[in-house]
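Following: one structure in structure tokens, then a few remarks.
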Amino acid sequence: MNYKDFLKNKKIAVIGMGPHGEMVADIKFLLMNKAQVSLFDIRSEKRLKGFLPKLKSAGLERYTFGKVDPQDFSDALLVLLSPEISKKSIFLKKSHLDGIPIEYPETLFFKLAPSVTLIGIIGAYGKSTVAHLIYSMLKRSFSEYEDQGLFFIDPESPNGVLTHLKKIKKSDVILSRIPDSLLPYYSQINISPYVAVITSITSFDILEPQTYNNFIVAPDRIIDEIKLSKKFISKAKMLRTRNNAIPADWQVHSRAPHFLENASLAMQTAELFKVPMDIVKDVMQKFMGLKGRIEFVKRVNGVEYYNDAYSITPEATLSVLRSISSSRNIVLIMGGAYTPHKYDSLVEAISEHVSTLILLPGSGSLGLRSQLEKIEDIKFIQSFSLEEAIITANGCAKKGDRVLFSPAFDAIGVDISRKERGERFVRAVRNL
């Protein structure tokens with residue numbers, strides 16, 4: 001059955017519009033294909049009013065904001081969840097008992113898509129940079145082949161996931177940036193990458209279905225961890241990457257260890273797809289880094305300012321601290337909305353790298369504040385806005401220090417996205 005036949009007249013309950021409206025494009029796609037969509041979100045209509053006109057114009061008639069009552073979608077034949085919604089949510093209990101399929105856009109996509117070649121990028125940090133580099137290299141190379149399609153799936157993209165179904169064909173290449181939270185669900189539907197590109201230690205269950213014709217591309221420490229795994233014996237070919245794989249005469253924008261590691265992952269993956277080395281070199285040399293990912297903003301009175309606004313996990317912030325700190329010269333601005341991650345390792349390591357910690361408001365910050373206040377040998381400051389935090393950091397930092405905005409938590413609400421909070425940081429720093 002093709003996706004059009006599957007979706008036509010199907011009663012679908014969509015729960016969650018995405019933290020920043022990421023589900024809008026997919027909801028419009030469902031409506032365009034004549035699905036009977038009901039939308040539910042625990043947030044108020046006032047908070048989501050910016051997205052509603054677009055959905056109404058696409059044909060959305062049934063929506064409920066402020067609550068998710070399972071009785072309201074008891075007749076649904078499919079429940080589609082925004083990626084931040086857990087399948088263990090209490091309002092899904094009846095759907096589980098009734099045997100109603102509960103999917104995320106990514107899992108539904110792979111169930112409806114033809115057979116494709118999947119490049120899956122996994123890990124706690126670095127995925128976006130690696131994905132951008134690989135996509136740019138493959139796109140340039142594939143342009144020589146008329147029938148070879150290339151698509152990029154990213155849960156944070158406003159372009160949607162299901163929307164790719166209208167163009168994709170058999171044997172096309174899918175590049176997917178897979179969040180840790182979705183890894184178990186890829187495994188449940190037996191979807192495993194043809195090439196798994198791994199940026200950091202994470203859950204490796206998604207690798208178990210790989211065959212001898214598949215590949216794992218990862219640094220030494222990760223390959224060693226996979227080989228030591230007691231859960232399964234990997235059948236895939238393992239390709240180790242090293243920072244010195246990037247030639248010293250290439251004019252790349254950074255020689256920092258974190259960038260060289262990401263670049264080597266991209267280069268090794270490109271080689272698997274026979275991308276000419278001149279294309280790899282050109283993409284590398286033109287790449288100036290992604291905004292909001294360890295982005296150097298400005299130097300003020302000998303103090304460097306870095307925007308890492310897309311950091312929403314403790315592992316990502318810890319990785320940046322290890323990469324750019326020297327003799328505890330970091331003034332760290334962090335904090336934001338709750339995430340389900342464990343922060344113990346970050347809290348333990350902060351005193352090794354940070355001299356001053358400035359904590360922003362948010363539900364996540366509130367839950368961690370008591371632990372952060374107890375860290376010895378650092379100066380702890382509570383700030384009530386990002387702009388205030390930057391002024392405070394400017395007053396605390398001395399020549400040779402680095403002010404790092406790496407939140408380790410998500411942005412707060414639909415009104416401020418990760419991109420927007422990064423832009424606020426950049427504007428405030430440039431006004432110093």
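Of all residues in segment 378-389, those satisfying the criterion of being surrounded by fewer than 16 Cβ atoms within 10 Å (Cβ to Cβ) and either assigned to a helix (DSSP H, G or I) or of a type in the set (G, A, S) (or both) are S385, E387, E388. Does segment 346-361 contain at least one residue that is free of Cβ contacts under 8 Å to residues at least 24 places away in the same chain and not assigned by TED's automatic domain parsing to the domain that holds G126? Yes, that holds for at least one residue. Restricting attention to segment 384-431, the residues that are hydroxyl-bearing (S, T, Y) and at pLDDT below 95 total 2. Of the strands (runs of 3 or more DSSP E) contained entirely in segment 1-67, those carrying at least 2 residues that are in contact (Cβ under 8 Å) with a residue 60 or more places away in the chain and surrounded by 14 or more Cβ atoms within 10 Å (Cβ to Cβ) fall at 11-15.
For segment 285-320: of the residues being buried (at least 22 other Cβ atoms within 10 Å of the Cβ) and of a type in the set (A, V, I, L, M, F, W, C), which is nearest to R427 (Cα to Cα)? Here the residue is A309.
Here is a yes/no grid of residues against (1) under 23 Å from the mean Cα position of the chain (by Cα); (2) assigned by TED's automatic domain parsing to the domain that holds P179; (3) of a type in the set (K, R):
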position	(1), (2), (3)
K398	no, no, yes
D401	no, no, no
L404	yes, no, no
F409	yes, no, no
I412	yes, no, no
R418	yes, no, yes
E423	yes, no, no
V426	yes, no, no
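Taken together, I330, I375 contain a single residue that is buried (at least 21 other Cβ atoms within 10 Å of the Cβ) and over 18 Å from the mean Cα position of the chain (by Cα), which is I330. For segment 76-86, filtering for residues that are loosely packed, with under 15 Cβ neighbours inside 10 Å and at pLDDT below 95 leaves 1. Which members of segment 111-162 meet the condition of being in a helix (DSSP H, G or I), more than 11 Å from A266 (Cβ to Cβ) and aliphatic (A, V, I, L, M)? Scanning segment 111-162 gives L112, L162. For segment 259-276, the set of residues classified as under 23 Å from T317 (Cβ atoms) and either in contact with a Gly (Cβ under 7 Å, 6 or more places away or on another chain) or β-branched (V, I, T) (or both) consists of N262 only.
Of L48, L78, L52, all but one fail to be farther than 20 Å from P158 by Cα, among the hydrophobic types (A, V, I, L, M, F, W, C) and in the same structural domain as A13 (by TED's automatic domain parsing); the exception is L78.
The values are calculated or read from the model by the stated rules, or taken from the named source; none is laboratory data. Note that the structure is a prediction, hence the values are computed from the model and not measured. Heads up, the Cβs are rebuilt from the backbone with ideal geometry, glycines too, and the neighbour counts pull from every protein chain shown.
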